[in-house]
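The values are calculated or read from the model by the stated rules, or taken from the named source; none is laboratory data. In this text the structure is predicted, and so the values were computed from the model without any measurement. All Cβ positions, even for glycine, are placed from backbone atoms using ideal geometry, and neighbour counts span all protein chains on display.
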Amino acid sequence: MSYLKVEGLSFKYHKSKDMVVNNFFINMNKGEILALVGDSGSGKSTVLRLLTGLETPLSGRITLDGDIMFCKKTNIQPEHRNIGMIFQDYALFPHLTVLKNVQFAVNQGCKKEKCERAISFLKLVRMEEHGDKYPHQCSGGQQQRIAIARAMAANPKLLLLDEPFSNLDSKLRNTVREEVKEIIKAAGISAILVTHDNEDVRACADRAVQM
């Protein structure tokens, strides 16, 4: 049984004549890293927004871990889908320390338990020594690891990464690609990576879907 199943997903933006996503299908196994590859405007990022519930499909069906997220009769709201997303700019809170950024995502336990969970994920991404710093005091690669730790601290069923390496220089990108795959695999989380770069696919993904 597929962990994530997307069937016949179609969508167009308001006042647009053309479909951005048209009759889209994917099947994904638990623990898999899947890449969505295609040129700008091919609908990759829109698929992520449809999966999270930030946009509503015109038709289709989305099932995650046996639960229906969207169909004709059902539309689970974004905050209840338990899907984490990492954006190109990482979207870290500038006024919170690294530790507080990750702790913010922990939604269960007392204050002490939340702190301990946040620290465990900072250790996973090798950023535990930087907990008292603020995001602007960290490099691009470090900020990305913080963003991953924060997303995983919420214990998502699915992790979405939208062009996560685009803001890194080429040398750092090569290193961070390998780190990202290692971190996601160590956490046992299923993930979808959106990219236009075949090097991202080769370094990070188990397989790719062309859009």
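Within segment 8-59, the set of residues being among the hydroxyl-bearing types (Ser, Thr, Tyr), touching a Pro at 6+ places or on another chain (Cβ under 8 Å) and outside any strand (DSSP E or B) comprises just one member, THR52. Just to verify a result, which residue in segment 185-194, among those that are in contact with a Gly (Cβ under 9 Å, 6 or more places away or on another chain) and among the β-branched types (Val, Ile, Thr), is farthest from PHE165 (Cα to Cα)? The qualifying residue farthest from PHE165 (Cα to Cα) is ILE189.
Only one of the listed residues (LYS114, LYS123) is over 20 Å from LYS181 (Cα atoms), in a helix (DSSP H, G or I) and within 22 Å of the chain's Cα centre (by Cα). That residue is LYS114. Would you pick out the residues in segment 43-87 that are polar (S, T, N, Q) and more than 20 Å from ALA153 (Cβ to Cβ)? If the condition is that a residue be polar (S, T, N, Q) and more than 20 Å from ALA153 (Cβ to Cβ), then SER45, THR46, THR56, SER59, THR63, THR74, ASN75, GLN77 are the ones that fit. Within the span defined as segment 60-77, every residue fails to be of a type in the set (Phe, Trp, Tyr) and either in contact (Cβ under 8 Å) with a residue 24 or more places away in the chain or not assigned by TED's automatic domain parsing to the domain that holds VAL6 (or both). Just one of (1) more than 13 Å from the chain's Cα centre (by Cα); (2) in contact (Cβ under 8 Å) with a residue 60 or more places away in the chain fails for PHE104. It is (2).
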